[in-house]
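Since the structure comes first, as structure tokens, the remarks are kept for the end.
The values are calculated or read from the model by the stated rules, or taken from the named source; none is laboratory data. Bear in mind that the values here come from a model prediction, so they are computed numbers and not experimental data. Cβ atoms come from the backbone with ideal geometry, glycine included; neighbour counts cover every protein chain shown.
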């Protein structure tokens, strides 16, 4: 019985968090913070994966920026769609995902900004979350 209670408490953790034995807090606020941290970590890993690098999920990751610029006049829209598709496919704790490309910063034109709004509908949590993502000049995604 204790195993079942422990499992229920830790269900908001990702599989890898549970395998690594990371403890999830018991208060609602702590569980929400742990869930958001787990989602951010998963998105960081997922968005920075390269398509074709994972045999079991060849689509995992986001289209390379060079490929996006070669095929579209508005590459930001292509990347926006690729980020949204990646989140929808590989982060099941989020639904109703919307990704919007931000304005290009004239002082740093090589960094692209995206704003993500999504719904967490997981366990007893039903809330809207927002993330900001930056794509830097080395083509790495960073969540904040």
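The table below gives the values:
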| quantity | calculated |
| --- | --- |
| Filter result for residue 38 (surrounded by 13 or more Cβ atoms within 10 Å (Cβ to Cβ), touching a helix residue (DSSP H, G or I) at 6+ places or on another chain (Cβ under 8 Å) and at pLDDT 85 or above) | yes |
| Candidate set: the stretch 118-132, residues that are within 13 Å of residue 31 (Cβ to Cβ) and in contact (Cβ under 8 Å) with a residue 24 or more places away in the chain; chosen: the one surrounded by the most Cβ atoms within 10 Å (Cβ to Cβ) | 120 |
| When residues of the stretch 70-117 are limited to those that are exposed (fewer than 13 other Cβ atoms within 10 Å of the Cβ), outside any loop (DSSP other than H, G, I, E, B) and over 17 Å from the mean Cα position of the chain (by Cα), the one modelled with the highest pLDDT | 77 |
| Cross-chain or 6+ apart pairs with Cβ under 6 Å, the stretch 55-67 first and on the phi > 0 side of the Ramachandran plot, then at pLDDT 70 or above | 61/49; 61/50; 61/51 |
